[in-house]
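The values are calculated or read from the model by the stated rules, or taken from the named source; none is laboratory data. It should be emphasised that the depicted structure is a prediction, and the values quoted were computed from it without experimental measurement. In this analysis, Cβ positions are derived from the backbone assuming ideal geometry, glycine residues included, and neighbour counts consider all displayed protein chains.
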Amino acid sequence: MIFNSQNGYTDMILDGKQISKKMLEEIGKEVSQVGRVVMRGVAYEEDQESIVYFNSIKKNAEKVGIDFSTHIIKGEELMDTVQKLNNDDTVDAIIVGRPFPKGITNDMVADALDPDKDADCVTYQNMGKIYFGDETIAPATPKASIEILLGNKIDLKGKDTLIINRSVTVGRPLSQMLLNRDATVTVAHSKTRNLEDLMNRADIIFLAVGKAGYLKSSSIKSRKIVVDIGINVVDGKVRGDFEVDRENELVDYTPVPGGVGAITSVLILKNAVTLAKSR
């Protein structure tokens, strides 16, 4: 935890950098025991966000000795590229950039990707295991959202949690992973009524709206934690869905950057090592 006294007040920032650093050290030890770990990313050339994300994964991979590189392809080549990597016995783990190219759906990728090489838990088999409490391979962003809380010694048991996102990549798996930890879960979305009331009642809010400054600190009236999963680029700067617009000692929050995202790319590597060990 970091205490921030900027603007003359004190709030609590739930930092992800130290947690990710410790995880990287543990992964490095595992890699040295396993030997060579090979991971490949697949991103179509127009998807610059995934390419940037994969570059951050590569930097961390180099620190721990994982062989990671990205196949930057034309959109129509995606499915063939996935199949080739499935059939390549030297590859332990695969991650496919999202959103997918036009004409390619989440179902198509989930069905095509080898579950034994699925580094971000997009296949039916790995996603289904989460509902039985098996998080051996878990989607990195929801997992990071939980790890940043646990790493800051925040117990989830019995907490009223609100997820503002219902996607198959974040909101839905996160809801089940919170249930696995005995939290009480509400999932909200664009059709939800009385969202303000739900936010007022929640102990912890998980924000993944994709709108910079969607929730402001000045609007919070009771003690709560905000886990900011949003990543938005505004005037060349990365901003989250949560904005600290004035003093409010009632809220603790994860920063963007340096919060959930700092842990996400590390957890992808942890999944890669787990997959390599099982092959």
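What residue, of ASP228, ASP197, is modelled with pLDDT of 95 or more and either outside the structural domain of TYR253 (by TED's automatic domain parsing) or surrounded by 21 or more Cβ atoms within 10 Å (Cβ to Cβ) (or both)?
On inspection, the qualifying residue turns out to be ASP228.
Quick check on this structure: which one of VAL91, VAL96, VAL109 is among the β-branched types (Val, Ile, Thr), modelled with pLDDT of 95 or more, buried (at least 18 other Cβ atoms within 10 Å of the Cβ) and under 17 Å from the mean Cα position of the chain (by Cα)?
VAL96
Determine which member of the set VAL260, VAL227, VAL244 is of a type outside the set (Lys, Arg), closer than 26 Å to ARG40 by Cβ and touching a strand residue (DSSP E or B) at 6+ places or on another chain (Cβ under 8 Å). Talk me through it step by step, then tell me what you get.
Numbers: VAL227 fails: closer than 26 Å to ARG40 by Cβ; VAL244 fails: closer than 26 Å to ARG40 by Cβ.
Within the list VAL260, VAL227, VAL244, the selection yields VAL260.
Considering every residue within the range 173-182, establish whether at least one is assigned by TED's automatic domain parsing to the domain that holds ASP203 and touching a residue at least 60 places away in the same chain (Cβ under 8 Å).
no
Condition (residue is closer than 22 Å to ALA183 by Cβ and either among the charged types (D, E, K, R) or part of a loop (DSSP other than H, G, I, E, B) (or both)) applied to the range 270-279: is it met by at least one residue?
No, that holds for no residue.
Condition first: outside the structural domain of ASP182 (by TED's automatic domain parsing), on the phi > 0 side of the Ramachandran plot and either small (Gly, Ala, Ser) or in contact with a Pro (Cβ under 7 Å, 6 or more places away or on another chain) (or both). Can you find one or more residues in the range 50-65 that meet it?
Yes: the range 50-65 contains one or more residues that are outside the structural domain of ASP182 (by TED's automatic domain parsing), on the phi > 0 side of the Ramachandran plot and either small (Gly, Ala, Ser) or in contact with a Pro (Cβ under 7 Å, 6 or more places away or on another chain) (or both).
Condition check: at pLDDT 95 or above and within 20 Å of the chain's Cα centre (by Cα). Does ALA202 satisfy that?
In short, no.
Just to verify a result, which residue in the range 231-262, among those that are among the β-branched types (Val, Ile, Thr) and either crowded, with 24+ Cβ neighbours inside 10 Å or assigned to a loop (DSSP other than H, G, I, E, B) (or both), is nearest to the chain's Cα centre (by Cα)?
VAL260
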